[in-house]
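Below you'll find the structure, written out as structure tokens, and then a few comments.
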Amino acid sequence: MEFVGEHLLPGQLGHFFAILSLVASLVATFAFFKVTNIKEINEKKSWTRLARGAFLAETISVIALFVTLYYIISNHLFEYKYAWQHSSRSLQVEYLLSCFWEGQEGSFMLWSFWHCVLGWILIWRAKNWEAPVMTVLSFAQFTLATMLVGIYFFNVKVGSSPFVLLRNEMDNAPIFSQPNYLEFVKDGNGLNALLQNYWMVIHPPILFLGFASTIVPFAYAMAGLWTRDHNGWTKPAIPWAAFSGGILGLGIMMGAAWAYESLTFGGYWAWDPVENASLVPWMVLVAGMHTNLIYRSSGYSLKSTYVFYILAFMLVLYSTFLTRSGVLGDTSVHAFTDLGMNVQLVLFMLVFLVPSFTLFFVRSKEIPTIKREENTYSREFWMFIGSLVLFLSAFVIIVSTSLPVFNKILKTNWAVGEDPEGFHNQVQIFVAIIIGLLTAVTQYLKYKDTSKSYFWRKALIPTIMAVVLTVIIAIWGNISYDKKGIGFLIAIHLGVFAAVYAVVANAAYIWVGMNGKLKAAGASIAHVGFGLVLVGILISSSKKTVLSHNTTGMSPLKVGDKESPLENITLIKGIPTDMGKYMVTFRKDTLNERDRKRYYEINFRAKDGKENFNLYPDIIENNKGSEGVTPNPDARHYWHKDIFTYLTFLANPEKIRAQDTTTFRLKNVAVGDTLFYTNGLMILNEVLVNPNNDKFKFSPQDTALVLDISVISKEGNRFKAQPVLQIVDGAVQVLPDTVMAQSLVLQFNQVKDQEKGLLELGVKETSGVLDFVTLKAYEFPFINVLWIGIILTVIGFFMSIAHRLNLMAREKKS
């Protein structure tokens, strides 16, 4: 049958370049392998030309794959499954790239692209290490290429091609029996609503560059074992490890920023399994970088360096299995769905794991080792302790994250409890304390030996400053987190001290230990940044405050729901509602046709009159077979805090279009009077003048009258209403109060007769569905300290890279 309207050429080109990529990477692997083992110069040059040529063909193939797939997606060629599954006609142009990494095939392609970029830098810079290092990288390219070919060998499918036709993958659907089936495929499934955020355009490329770059320290380690040059590889590996650590760390925290702006768990880190799977390789890589520095300066820890670099790359491969096998599908919002490639993903790990550790153990006796124990007053001793703590912390995280894998294999039902976040926090707080303290003191120690007098002469003032700052924070910082008991609160304060100590001590070391030489201070700046990250995490998390306590007693939420009705406030459209130090009003909602999001304007007016601002949390309709909507938060940023909001419940957007036209009925009442409404009665108990209580914060200088009214329904349910009449700058303001459960709005309009005590009360019973939203609001104090810390940490990593490269260049000249 000849199908009408199909564009087959892009798919055929895609398949061709996928096969070419596979073959070229295999040829490059073999050629670089030959170069490594050949001694004769002319023959080595010949094989080098072939290897580089094959790698060039591989690079061209990967770029062509990218261009072809982008053409298919951007032109909405829905005859291709990938375009149909991950994009739609209504999708904004800036999110077309996000369609690449929503699917597994596109993310493998992105990984392969970064390998090509890194490979050419290595060909340019690696010199004598080019051949063995590129052998490892080219073989990794070959394994990645197998993920994209989507062909069958002896009835076994290898990889999954992004260029398959929709009709070939869903051939049982009746629509594909018609030659003009494309007339009925009007649109695609679209991009996942959670991914329609600008962070998801830039976060995955940076994260995958971090993942891809972990192969370089690993490849250098393999090259050292392979060539038996156990010393030479450790020098060029350091700047690469720093690059990988900086980029991967940046990518991880970009993901945290995305979670903060797009997800509604009220934070930036939730110990999600996919978050953990990306964090663990970074921790082990940083441990390896520090033991690498130890070896270069003291001769210790070479075996540890080998192990850490190998494990860092293996953990990247393992995280690939965790996120793509479908095993985390029920426990993470980030995980991919299962494409039936689990065996191939396991083989992906094993083809690197088995040879690398086999080679390590075979060469183990040849690896230089100093038998003498390190001095406890030496830098290398405490750097190794810090690396070991990082590794053990990573081990705990990856074991707990892997419980779904263990359960699947062993048919068990292990779990870390009902509160995984609490479990990780209670373990990792002690890691933060140890690492913070070691980050503070270790730079004040010299390699091999340090006199106590020298150490305390340099470190005493920073130590005193850290103690003083911590005491100030403890006394006036109001850190009173009590959800996990007094022991955890004490640990938080110790963590704050360790983090502050790390910041102060490393900032001071730039002048005390390095005489202000900023160009050589990359490590200290990275440590200052890391200390600020810890300070930001500890303070913003422990002092995170719920602002949206339910002051009305009304909520569509129920006890036991994911969101507590006690911590979510319901806002009736147009009615100012008390929310602590703010009066909050849901003003309107607007559908943005471009991004298909409905934005809700929420006005915050501080009771002291100093602030008045709007926030616009939004919702977007779910796609890909999911019902309902996905809420996205909005936040107001200050230098010292964030006000963070998101919607937890809203009236049916279709029903609320029918506007309620009911008006207020005016009643004259006095204290003690009873009024009747359709479903019950109300009693005016008293008139409060400038009340100062949990709900209102008026001062004696204000002019405010509050009616205290009891509302009693026919069913015997009792409610409290307190409408307000206030004079502000000579103008009268009325603040209605709403009894949502009774569809009742009360408004104190004026004092009719002061001598008789007559007051005018407006009573409105809504005849239609109330237009309302339920809102969750947090205050995150000093969260910007976290973001500043991340920026400084990354800057420090790259300053360290520049310093190392300069040192290597000077050594070559000399």
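The values are calculated or read from the model by the stated rules, or taken from the named source; none is laboratory data. Here the structure is a predicted model, which is why all the values come from computation and not from measurement. Cβ atoms come from the backbone with ideal geometry, glycine included; neighbour counts cover every protein chain shown. Accessible surface is based on the protein model in full, side chains and every heavy atom, while ligands, DNA and RNA are left aside. Shrake-Rupley method; radii C 1.70, N 1.55, O 1.52, S 1.80 Å.
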For region 40-51, Karplus couplings with θ = phi - 60° (6.51, -1.76, 1.60), whole Hz, Gly/Pro x: 5, 4, 5, 5, 4, 5, 4, 5, 5, 4, 5, 4
Environment charge of P565, counting only residues whose C-beta is closer than 15 Å and scoring Lys/Arg +1, Asp/Glu -1: 0
Near-label residues of region 362-403 by backbone N, under 12 Å of a point 7 Å along Cα→Cβ of K452: 377
V689-L392 FRET efficiency (beta carbon distance; Förster radius 51 Å; 0.05 resolution): 0.25
Computed [θ] at 222 nm, helices only, for the chain once each DSSP H run of length n ≥ 4 contributes -39500 (n - 2.57): -17500 deg cm²/dmol
For K446, residues with placed amide H under 5 Å, excluding near neighbours: R379
Accessible-area value, V689, 1.4 Å probe, nucleic acids and ligands omitted, Å²: 100 Å²
Geometric extent, Cα atoms of region 662-762 - Rg, Dmax (angstrom): 13.5, 43
Centroid-to-centroid separation of region 174-220 and region 245-272 [C-alpha atoms, Å]: 19 Å
Cβ-based net charge around I510, under 14 Å, with every Lys or Arg adding one and every Asp or Glu removing one: +3
Amide hydrogen neighbours beyond the local backbone of K597, cut-off 5 Å, H modeled: N592
Gained length - F423 relative to V201, 0.36 nm times residue gap less alpha-carbon distance: 76.7 nm
Label-to-label distance, nm, for residues given as V343 and L56 (7 Å Cα→Cβ offset): 3.9 nm
Per-residue ³J(HN,Hα) for region 150-157, Karplus 6.51 cos²θ - 1.76 cosθ + 1.60, θ = phi - 60°, Hz, x for Gly and Pro: x, 10, 9, 10, 6, 6, 10, 6
Estimated inter-spin distance, S699 and N231, nm [label 7 Å along Cα→Cβ]: 7.4 nm
Against the rule of thumb 2.2 N^0.38 Å, how large the Cα Rg of the chain comes out: 1.13
Potential lengthening between R587 and S46 on full extension [0.36 nm per residue; Cα-Cα distance subtracted]: 187.4 nm
Label-zone membership for region 723-742, site K714, 7 angstrom Cα→C-beta point, backbone N under 20 Å: 739-742
Between helix 215-227 and the chain: long-axis angle, C-alpha atoms, 0 to 90°, nearest 10: 20 degrees
Neighbour net charge for K776 - beta-carbon separation under 13 angstrom, K R +1, D E -1: -3
Alpha carbon convex hull of region 305-440, projected area averaged over orientations, nm²: 10.9 nm²
In region 70-175, trypsin sites (Lys or Arg not before Pro) in a DSSP loop with at most 15 other beta-carbon atoms within 10 Å: R89
Angle in degrees between helix 8-37 and the longest Cα principal axis of the chain, rounded to the nearest 10: 50 degrees
Pairwise FRET efficiency - V354 versus W414, Cβ, R0 = 30 Å, nearest 0.05: 0.65
Solvent exposure, largest accessible area first (probe 1.4 Å, DNA, RNA and ligands not counted), of F676, F154: F154, F676
Heavy-atom SASA rank of S356, S564 (probe 1.4 Å, accessible area, largest first): S564, S356
Probe 1.4 Å, protein heavy atoms only - accessible area per residue of the chain in square angstrom: 45 Å²
Residues whose placed amide H lies under 5 Å from that of K588, excluding near-sequence neighbours: E601
Karplus (6.51, -1.76, 1.60) ³J(HN,Hα), θ = phi - 60°, over region 577-591, in Hz, Gly and Pro reported as x: 10, 5, 9, x, 8, 10, 9, 10, 10, 7, 8, 6, 10, 9, 8
Calculated FRET efficiency for the pair H640/V158, C-beta based, R₀ 35 Å, to 0.05: 0.05
Solvent exposure ordering (accessible area, 1.4 Å, most first) of R598, R296: R296, R598
Part-to-part distance (alpha-carbon centres) for region 584-617 and region 730-783, which is given in Å: 18 Å
Solvent-accessible area of L392 with every protein chain in place, 1.4 Å probe, in Å² to the nearest 10: 90 Å²
Nearest 10 degrees, 0 to 90: helix 273-298 Cα axis against the chain principal axis: 50 degrees
Cross-link partners of K448 among lysines (Cα-Cα below 30 Å; sequence separation of 8 or more within a chain): K235, K303, K365, K371, K458, K517, K519, K812, K813
Unsatisfied cross-links (Cα-Cα over 28 Å) in the set K544/K764; K558/K720; K610/K752; K562/K695; K483/K558; K483/K695: K544/K764; K610/K752
Size-normalised alpha-carbon gyration radius of region 1-196, reference 2.2 N^0.38 Å: 1.19
